[in-house]
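Down below is the structure, laid out as structure tokens.
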Amino acid sequence: MDKYYAVIDTNVVVSAMIKFNSVPGTILELVFMDTIIPVLNDEILKEYREVLLRPKFHFKEDDVTTFLESMVRRSLVLEAEKINIELPDPKDIIFYQVVMEKRKTDDAYLVTGNIKHFPNKTFIVTPRELLDIIVSEQ
């Protein structure tokens, strides 16, 4: 079975945690089945934690910690070179930098629900598009 490297935007992680029986939930399920290898760094991990622990989501801290620890065990953690790019949300730059760093050696995708926040590139995909890619190649 093929492996797919993916930088997963925080909005996909949050959506999956809110409704696991969903397309974003299937993305995380494929992470836990070792089909998708998340690519991240400390800054992305910090953002995941901060956002998941926002009071409006009502996630328990222990559950968030357990989830993130499990995700990190399956992840490729790397440091990314800074890229001079302007995006609508400056917090998104780190996701773009990490995917570009990984793409220096392997195909990698940036999976986001906010596709308009990033440049129009074939490797920047929605959760549905990544699922379609995986299904078409299996």
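Observations, loosely collected:
- For V31, the criteria (1) touching a residue at least 12 places away in the same chain (Cβ under 8 Å); (2) part of a helix (DSSP H, G or I); (3) out of contact with any strand residue (DSSP E or B) (no Cβ under 8 Å at 6 or more places or on another chain); (4) not hydroxyl-bearing (S, T, Y) hold in every case but one, which is (3).
Yes/no matrix, rows are residues, columns are (1) touching a Lys or Arg at 6+ places or on another chain (Cβ under 8 Å); (2) in contact (Cβ under 8 Å) with a residue 12 or more places away in the chain; (3) aliphatic (A, V, I, L, M); (4) open to solvent by 70 Å² or more (accessible area, probe 1.4 Å):
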position: Y48; (1), (2), (3), (4): no, yes, no, no
position: L76; (1), (2), (3), (4): yes, yes, yes, no
position: I83; (1), (2), (3), (4): no, yes, yes, no
position: E101; (1), (2), (3), (4): no, yes, no, no
position: I133; (1), (2), (3), (4): no, yes, yes, no
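- Filtered by the rule that a residue be free of Cβ contacts under 8 Å to residues at least 24 places away in the same chain and within 24 Å of I93 (Cα to Cα), segment 6-24 gives a lone residue, A16.
- Test: V7 is open to solvent by less than 50 Å² (accessible area, probe 1.4 Å) and assigned to a helix (DSSP H, G or I): no
- Candidates F59, F67, filtered to the one that is over 21 Å from V99 (Cα atoms), open to solvent by 10 Å² or more (accessible area, probe 1.4 Å), in contact (Cβ under 8 Å) with a residue 12 or more places away in the chain and in a helix (DSSP H, G or I): F67
- Criterion violated by L52 - all others in (1) modelled with pLDDT of 95 or more; (2) out of contact with any Phe, Trp or Tyr (no Cβ under 6 Å at 6 or more places or on another chain) satisfied: (2)
- Criterion violated by I44 - all others in (1) open to solvent by 20 Å² or more (accessible area, probe 1.4 Å); (2) in a helix (DSSP H, G or I); (3) in contact (Cβ under 8 Å) with a residue 40 or more places away in the chain satisfied: (1)
The values are calculated or read from the model by the stated rules, or taken from the named source; none is laboratory data. Predicted, not measured: the structure shown is a model, and the values here were computed from it. No Cβ is skipped: glycine too gets one built from the backbone with ideal geometry, and neighbour counts run over all protein chains shown. The protein model used for the area step is the full one, side chains on, heavy atoms only, and it has no ligands, DNA or RNA in it. Shrake-Rupley method; radii C 1.70, N 1.55, O 1.52, S 1.80 Å.
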